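Okay, structure first, notes after.
The values are calculated or read from the model by the stated rules, or taken from the named source; none is laboratory data. Quick caveat: nothing in here was measured; it's all calculated off a predicted structure. Ideal geometry is used to build each Cβ from the backbone, glycine not excepted, and the neighbour counts take in all protein chains shown. The accessibility values were calculated without ligands, DNA or RNA, using every heavy atom of the protein model including side chains. Shrake-Rupley method; radii C 1.70, N 1.55, O 1.52, S 1.80 Å.
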Amino acid sequence: MTITKLYIDQDVVDFPETISIRSRLQVPSEIVTESGVVFNSVLTADDPILMGKKALYLTRNKGAFVKHCPGTRCYTCCGYQILHVGAYCHMDCAYCILQSYFHPPVLQYFVNHGDLMQALNRVFAQKCITRIGSGEFTDSLIWEFWTDLSSTLIPAFAGQEFCALELKTKTAAVEALKSLAHHHKTIVSWSLNTRQVIHNEERFTASLSARLEAAAKCASWGYPLAFHFDPLIIYDGCEKDYKGVVEQLFDRINPDRIVWISLGTLRFMPALKDIIQKRFPDSRIVYGEFVTGLDGKMRYFKPLRIEIYHHMVNWIRECAPDVLVYLCMEDDEVWAKSMGYIPADHGGLSRMLDERAAQCCNLSPEGLK
Amino acid sequence: MVSESDGHSQFPAKRSFSQLIRSQRISLSAVNSEDKTYCITTDTDIRALAASIQQLGLIHPPVLKHLHSEYIIISGFRRIAACRQLGWSEISASVLRPDVDNETCALYAIADNSHQRPLNIVEISRSFFLLSANISDQTRQLMYASDLGLPAHRDHIKKIEKICRLPGRIQDAILNGAISFAIALELLKFETDIGIDLVKLFDQLKIGVNKQRELILLFEEIALREKIPLRALLNEADVRHILDDAELDRVQKGRRIKQYLRSRRFPLIINTITKFENLVSTLKLGDSVKLIPPKDFEGTTYTLRLQFRSHAELSELQSTLDNIIRNRDLKKFLPE
């Protein structure tokens, strides 16, 4: 998706990031005194969700740059921290929660990097193993096209020994990462899916082979890697396809480079169903056997989730027995039936991931509390 | 449209209207009854009206418009049909001049109906359609609607206006109560034939709005999930078999159809529920004990409810509890 309009918050017009983005993104720009102007222009479009992907709003993050991932106590949460560098995404995935998460959804990039660095320094100063990712409210690497975000963040994390940064993406935009000193503190990770899902449900994203190619490049540059099979989508023939993706992954990537692999099946707030039906009329993903989860989200019926997880875990373990595989937002029953253990057996999921991050990212063991 | 106003209503002043219309005798052979452009009424039964006209004469003359060599009907479709049925060759009518615009004709048509009797939902829809087809300014549409005694809320109008575009069979179903206004709006998203098939189904089953909505959703999602045409699904042998089963009454048919569709839409879920229900039935728990699974088997907490009125009754439940705990199939079913 191409950005066609740049909105600039009057308060940040003179920020170096703003000046840089403006010069790199040669599109009409408008300086606004209040965000309402941007939101209204998006809301009045025929498809506000699509419109929000074409307009980029440069502004200040007035809230926290580092936030706890909004997990739920009904399912096992990984204890992740979100680095809130921007919001929304110019790629267009049918199942993307961001379509209904922001009202209205507008591509926003926060340019008050002084505040961002202060927030990070406060986290670093806690000297506690922390996994921080920028790929929750947006894709971590879409910003590479117009900003120097990675060359700001990666060296910052490289200069400390308690926190790992995870850059999660569906792009192949990794060239800028090549020459950066990362000291293994940045994990570059990809969301993986079958060719069918990428083709039908993930518009404007990189192909599977392009993602794996980019991952291989990052591995060659010494970056630790991670992969997320999330959302796993159940359809006729999906097992064969997912097995193929696992095989492709390990054909290209040495398991030793992988910090973790997460698995999560498709889940969505009920309100997203209408949006998917309207915006992706050919998509069939909402017609699976869903039930209302304990967190109010629609989830596949539990035995279906267990079955696909069980297969995935076995396929991954056949290729990479030592890679840490974990489930995103599942309960102990699902863990036990698909993984053969529950997180509490190993000190809890958060602890398992912290230890793995410490091991793979050369973090200080003193940070494990 | 004439521009003078009486200062209160949006309608043009009476003086202006009077210049547009005059009473005259018209030959019925010159009246085009096929042109239904301005027809508001849904009532096609003219027997009582014909009897009245025969006895008392045509008290209230229809409004016609002289157009080319004939007259089109603006209001009075039933009266003219009744007069034809009575074998009349000529009637008194109020005739609008040929240069009277469509907006004015629409106002005449609506006013002559809405000020005589309460309009049903299809008639209101036809009225709104006439207004929107002839008046582009939405604010004026709303003002006219209010003056004509129609609901004057924009969102309401938008919804109701669509009703008159539905096929006659579906409009009839709304009027005879087989489907609600809300369901009719849902049917708009389907092709005409599908909407009619669904209406026939609801008419046969006589089920309430919520069940109708559930069936629509099930049919629609099965068709999308299995990539088959919805109409083909509606007419599949399994569906027809239930509907044509002479042994079943309509309540049983409704229940069977729903069961069939649910088990096709959610095969594993329904299979699991059925397995659990069968398992519970083998436990022979009686009326005093209930074993309740977590909702949709998503949680992990099962509930066992015991009812007793005395210590003796509680003691009697001991053996039932032991049976439940010892049951191997249940043990397999429950999380470890």
Look through region A:119-170, keep the residues that are farther than 25 Å from A:L25 by Cβ and among the basic types (K, R), and return whichever of them is nearest to the chain's Cα centre (by Cα). A:R131
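Residues checked against (1) open to solvent by less than 60 Å² (accessible area, probe 1.4 Å); (2) farther than 23 Å from B:D45 by Cβ; (3) in the same structural domain as B:D244 (by TED's automatic domain parsing):
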residue	(1), (2), (3)
B:A133	no, yes, no
B:Q138	no, yes, no
B:H153	no, yes, no
B:K158	no, yes, no
B:I170	yes, no, yes
B:S180	yes, yes, yes
B:E191	no, yes, yes
B:V199	yes, no, yes
Just one of (1) surrounded by 15 or more Cβ atoms within 10 Å (Cβ to Cβ); (2) closer than 30 Å to B:L224 by Cα trips up B:N235, so point out which. (1)
Looking at region A:156-163, can you tell me whether even one residue there is touching a residue at least 12 places away in the same chain (Cβ under 8 Å), under 24 Å from A:Y57 (Cα atoms) and of a type in the set (A, V, I, L, M)? no
Just for region A:100-118: of the residues that are among the hydrophobic types (A, V, I, L, M, F, W, C) and in a loop (DSSP other than H, G, I, E, B), which one is farthest from the chain's Cα centre (by Cα)? A:V111
Selection over region B:260-287 where residues are part of a helix (DSSP H, G or I) and within 14 Å of another protein chain (Cβ to nearest Cβ) yields a count of 15
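Go through region A:212-243 and report how many residues are of a type in the set (S, T, Y), surrounded by 20 or more Cβ atoms within 10 Å (Cβ to Cβ) and part of a helix (DSSP H, G or I).
Filtering region A:212-243 for residues of a type in the set (S, T, Y) gives A:220, A:223, A:235, A:242.
Next, only the ones that are surrounded by 20 or more Cβ atoms within 10 Å (Cβ to Cβ) stay: A:223, A:242.
Filter once more, keeping what is part of a helix (DSSP H, G or I): A:242.
Number satisfying all stated conditions: 1.
List the helices (runs of 4 or more DSSP H) inside region A:250-369, counting only whole elements, that have at least 1 residues being modelled with pLDDT under 95, closer than 19 Å to A:S100 by Cβ and within 14 Å of chain B (Cβ to nearest Cβ). Walk me through it before giving the result.
Working: elements: A:270-279, A:302-319, A:332-339, A:349-360.
Answer list for region A:250-369: A:270-279.
Can you tell me how many residues within region A:146-155 are more than 17 Å from A:W221 (Cα to Cα) and without any contact (Cβ under 8 Å) to a residue 60 or more places away in the chain?
Taking region A:146-155 as the starting set, the residues that turn out to be more than 17 Å from A:W221 (Cα to Cα) are A:146-149, A:152.
Among the residues that remain, those that are also without any contact (Cβ under 8 Å) to a residue 60 or more places away in the chain are: A:152.
Of the residues in region A:146-155, 1 are more than 17 Å from A:W221 (Cα to Cα) and without any contact (Cβ under 8 Å) to a residue 60 or more places away in the chain.
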Output for Cβ contacts, cut-off 6 Å, separation at least six or different chains, first residue polar (S, T, N, Q) in region B:101-114, second assigned to a helix (DSSP H, G or I) and open to solvent by 10 Å² or more (accessible area, probe 1.4 Å), reads B:N102/B:N134
Every residue from region B:294-336 that is over 18 Å from A:G293 (Cα atoms), open to solvent by less than 60 Å² (accessible area, probe 1.4 Å) and within 14 Å of chain A (Cβ to nearest Cβ): B:F333, B:L334
Within region A:344-361, residues being closer than 28 Å to A:D241 by Cβ and open to solvent by less than 30 Å² (accessible area, probe 1.4 Å) number 2
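Just for region B:54-92: of the residues that are within 34 Å of the chain's Cα centre (by Cα) and more than 18 Å from B:S29 (Cβ to Cβ), which one is most open to solvent (accessible area, probe 1.4 Å)? Steps first, please.
Kept after step one, since they are within 34 Å of the chain's Cα centre (by Cα), are these residues of region B:54-92: B:60-65, B:71-85.
Filter again for more than 18 Å from B:S29 (Cβ to Cβ), leaving B:60, B:63, B:74-75, B:78.
Working: B:H60: 80, B:V63: 13, B:I74: 1, B:S75: 2, B:R78: 62 Å².
Checking each candidate, the answer is B:H60.
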Taking region A:197-211 on its own, how many of its residues are without any contact (Cβ under 8 Å) to a residue 60 or more places away in the chain, surrounded by fewer than 20 Cβ atoms within 10 Å (Cβ to Cβ) and not in a loop (DSSP other than H, G, I, E, B)? 3
Have a look at A:V334, A:V291, A:V325 and point out the one that is of a type in the set (A, V, I, L, M), free of Cβ contacts under 8 Å to residues at least 12 places away in the same chain and touching a strand residue (DSSP E or B) at 6+ places or on another chain (Cβ under 9 Å). A:V291
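What residue, of B:I228, B:I257, is of a type in the set (V, I, T) and either away from chain A (no Cβ under 14 Å) or in a helix (DSSP H, G or I) (or both)? Working first, answer last.
Details: B:I228 fails: either away from chain A (no Cβ under 14 Å) or in a helix (DSSP H, G or I) (or both).
On inspection, the qualifying residue turns out to be B:I257.
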